[in-house]
Amino acid sequence: MKKEFPFIEIPERFKEIIGTPDPGTRMYKAIGDRSAFRLWNDAVFEICAEEGAVSPGGASLYTYATRAGVHKRLKEGRLTGFFFSIVTDSKWIKGRKTLEEGGRPYGFIPYSECKAWAKELEEREKVEGVETVKKEAQGTKADLDDDFLLPSKDWRKKYQKKGGE
C-alpha cells in the first residue's frame with residue numbers, strides 16, 4: 001500500500017522567488033514588500049497551475065483533517081506549503097522594518113496534494129481503521145500552534161541581504 005506521494009514539482013526558475021524550504025520540510029518561506037508578494041503569488045499559482053492552491057484552512061476542509069493535522073503534516077515534510085510574510089515600515093521607529101500581521105504569513109498548499117492526501121486517508125481508513133487514520137488527521141494540541149510558520153528570527157538580515165532596505 002505504501003506508494004510515493006505526488007509532491008508538486010518546483011521549477012528551478014521559481015526557487016529564488018518562493019524562498020527556500022525549512023530544513024526537513026517542503027515549507028517554502030519568503031518575505032518582502034507588497035510588490036514582492038505579487039511576484040511570489042504569481043509564481044505559486046504558476047507552480048500550482050493545473051489545479052491551483054488553497055489556504056491551510058481550505059486544505060483541512062478538503063481532506064477532513066483538522067488545521068492541527070495540516071500543520072503536523074507540513075512540519076513533517078509530508079505536504080508542500082508556500083508562505084509569504086509582508087515587510088513594511090515601522091509606525092514607531094523611522095527607518096526600521098517590521099512584519100505586517102505580526103509576521104503571520106499568507107499561505108497556500110497545492111490542491112493536487114490535498115486531493116492525494118484525502119485519497120490516501122480514505123484508502124488507509126479501509127485497511128487501518130477509522131480511529132487510526134482519524135488520530136493522524138486530527139494532529140495534537142501542540143500541532144495547532146502555528147508559530148512554526150513565522151519567518152526565522154534573523155529575517156531582517158536575510159531581507160537586507162536580498163536587497164531590501
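If you go through the range 113-137 and pick out every residue that is within 22 Å of the chain's Cα centre (by Cα), touching a residue at least 60 places away in the same chain (Cβ under 8 Å) and open to solvent by 40 Å² or more (accessible area, probe 1.4 Å), you end up with 2. Selection of the range 63-82 for residues being under 24 Å from Lys15 (Cβ atoms), surrounded by fewer than 20 Cβ atoms within 10 Å (Cβ to Cβ) and not charged (D, E, K, R) yields only Gly77.
When restricted to residues that are in a helix (DSSP H, G or I) and surrounded by fewer than 18 Cβ atoms within 10 Å (Cβ to Cβ), the range 15-36 contains 4.
Within the range 138-152, restricting attention to residues that are open to solvent by less than 60 Å² (accessible area, probe 1.4 Å) and in a helix (DSSP H, G or I), the residue that is nearest to Ala30 (Cα to Cα) is Leu149.
Per the listing Ser60, Ser85, Ser55, the residue uniquely of a type in the set (Gly, Ala, Ser) and open to solvent by 30 Å² or more (accessible area, probe 1.4 Å) is Ser55.
Condition test on Glu12, is it modelled with pLDDT under 95 and either over 23 Å from Lys135 (Cβ atoms) or not charged (D, E, K, R) (or both)? Talk me through it step by step, then tell me what you get.
Details: modelled with pLDDT under 95: yes; either over 23 Å from Lys135 (Cβ atoms) or not charged (D, E, K, R) (or both): yes.
For Glu12, the condition - modelled with pLDDT under 95 and either over 23 Å from Lys135 (Cβ atoms) or not charged (D, E, K, R) (or both) - is met.
The strands (runs of 3 or more DSSP E) located wholly in the range 71-127 that include 3 or more residues which are closer than 28 Å to Glu46 by Cα and aromatic (Phe, Trp, Tyr) occupy 80-89.
The values are calculated or read from the model by the stated rules, or taken from the named source; none is laboratory data. Just so we're clear, the structure is a prediction, and the values are computed from it rather than from any experiment. Here the Cβ is made from the backbone with ideal geometry for all residues, glycine too, and neighbour counts use every protein chain on show. Heads up: the accessible areas ignore ligands, DNA and RNA and are worked out on the full protein's heavy atoms, side chains in. Shrake-Rupley method; radii C 1.70, N 1.55, O 1.52, S 1.80 Å.
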